[in-house]
Amino acid sequence: MSLKMYFGHAPARAWFDEVAARVRVHDAVMDGAVELFITPTYLQVLPALEAFRGTPVRIGTQNVAAAQEGAFTGEVSAGELAEVGATLAEIGHAERRRLFGETDRDVAAKTRVCLANGITPLLCIGEEREQDPNAAADIALGQLRAALADAEPGSVIVAYEPIWAIGASQPAGDDHVRTVVRALRDELESDPAREGSSIIYGGAAGPGLLTGLADDVDGVFLGRFAHDPDALVSVLDEAAELARRPAA
């Protein structure tokens, strides 16, 4: 899940402490059956790493520099993130594209530098307007291929987030999500360099969504809903129930 820029430093630290306490007694998270990642602000990365020390929770960032090093004022490199213990970086979110003019070329550069430094790219992909799911799948595939162009081998997490569903009252329909995700999965599975990759859904994600899409997505990308630790744990419990169910 992403905290975006909703929490100040003290509230974020309190949230980390409360969620970490819940995680430490959550068997499915602690034994790896359910994976949780959190992307706070840059300033919150170190306290998050400290709060979740001794748990499998992965801490990442909401952005990363496109360059390895150099005179790039205000940027934070993938190498430094890896050095302090962050393990993933969110790349290409719709807000970064809309507000800061990031392009497919920027996304590709950031993907390459992350994989070169052992950071898992969390690739945000999605169409701007609601449309036929096959057309949406074509757009998503184009974004995925552009992001992975000339990238080193390594697994990625693809977050399919139709832009029109971000912040909406309802997520995209199950059939729409299935169509796009299946196209993305076929693309990833056809590339041996992306072994171990996963696909999650974001955009008005909340309780029940994972159950409806369990055979198609590997997880959900939560936003403001999970600011309430009780709400976050409810989705972790849902994921645990699905992980424990007998294979068909």
Picking from Leu115, Leu49, Leu43, the residue that is touching a residue at least 12 places away in the same chain (Cβ under 8 Å), hydrophobic (A, V, I, L, M, F, W, C) and under 29 Å from Asp237 (Cβ atoms) would be Leu49
Residues satisfying the stated conditions in region 114-147, i.e. open to solvent by 20 Å² or more (accessible area, probe 1.4 Å), part of a helix (DSSP H, G or I) and closer than 26 Å to Asp175 by Cα | Pro133, Asn134, Ala135, Asp138, Ile139, Leu141, Gly142, Gln143, Arg145, Ala146
Hits in region 141-160 (condition: aliphatic (A, V, I, L, M) and either modelled with pLDDT under 95 or under 19 Å from Thr120 (Cβ atoms) (or both)) | Leu144, Ala146, Ala147, Leu148, Ala149, Ala151, Val156, Ile157, Val158, Ala159
Going by the structure shown, is Met5 aliphatic (A, V, I, L, M) and modelled with pLDDT under 95?
-> no
So which of Thr103, Thr61, Thr111 ends up being open to solvent by less than 50 Å² (accessible area, probe 1.4 Å) and within 23 Å of Val180 (Cα to Cα)?
-> Thr111
Taking region 190-238 only, how many residues are of a type in the set (D, E, K, R) and open to solvent by less than 50 Å² (accessible area, probe 1.4 Å)?
-> 3
Using the structure shown, decide if Glu241 is in a helix (DSSP H, G or I), out of contact with any Asp or Glu (no Cβ under 7 Å at 6 or more places or on another chain), buried (at least 18 other Cβ atoms within 10 Å of the Cβ) and acidic (Asp, Glu).
-> no
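The values are calculated or read from the model by the stated rules, or taken from the named source; none is laboratory data. Since we're looking at a predicted model, the values are computed, not measured. Please note: Cβ atoms are built from the backbone with ideal geometry, for glycine as well, and neighbour counts cover all protein chains shown. These area figures cover heavy atoms from the full protein model, side chains too; ligands, DNA and RNA do not enter into them. Shrake-Rupley method; radii C 1.70, N 1.55, O 1.52, S 1.80 Å.
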